[in-house]
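What follows is a set of notes on a single structure, which appears directly below.
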Amino acid sequence: MVFNIKGKRYRLVARINFRRQLVFVKFFGTHKEYDRINVEEV
């Protein structure tokens, strides 16, 4: 899941395991940094 934070200034990519009630933060950065990564591989 991708979340926009602080007026779309930052992005957070996370994986959520609902069964175990866990959230794994995979990436946090600016939109410019987000554009340089491959979200599927993070």
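Express the carbon and sulfur contribution to the solvent-accessible surface of the chain as a percent, rounded to the nearest whole number, probe 1.4 angstrom.
On the way: 1900 of 3800 Å².
Carbon-and-sulfur percentage of accessible area, whole number: 50.
Report relative contact order for the chain in percent, whole number only (criteria: Cα-Cα under 8 Å, sequence separation at least 6).
Averaging sequence separation for qualifying contacts and normalising by length gives 32 percent for the chain.
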Taking R0 as 22 Å, what's the FRET efficiency between residue 41 and residue 6 from their Cβ-Cβ distance, rounded to 0.05?
0.30
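Expressed in nm to one decimal, what extension gain is obtained for the pair residue 27 and residue 15 from 0.36 nm per residue of sequence separation less their Cα-Cα distance? Spell out each step's value before the answer.
Values: separation 12, 0.36 × 12 = 4.32 nm, distance 0.99 nm.
This chain segment gains 3.3 nm when fully extended.
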Which aspartates and glutamates does residue 8 reach when only Cα atoms under 19 Å apart count, and residues fewer than 8 places away in its own chain are ignored?
33, 35
So how exposed is residue 28, as accessible area in Å² (1.4 Å probe, rounded to 10)?
120
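The values are calculated or read from the model by the stated rules, or taken from the named source; none is laboratory data. Since the model is a prediction, treat every value here as computed from it, not as a measurement. Note that each Cβ is placed from the backbone with ideal geometry, even for glycine, and that neighbours are counted across all protein chains shown. Keep in mind that these areas ignore ligands, DNA and RNA; they rest on the heavy atoms of the full protein, side chains included. Shrake-Rupley method; radii C 1.70, N 1.55, O 1.52, S 1.80 Å.
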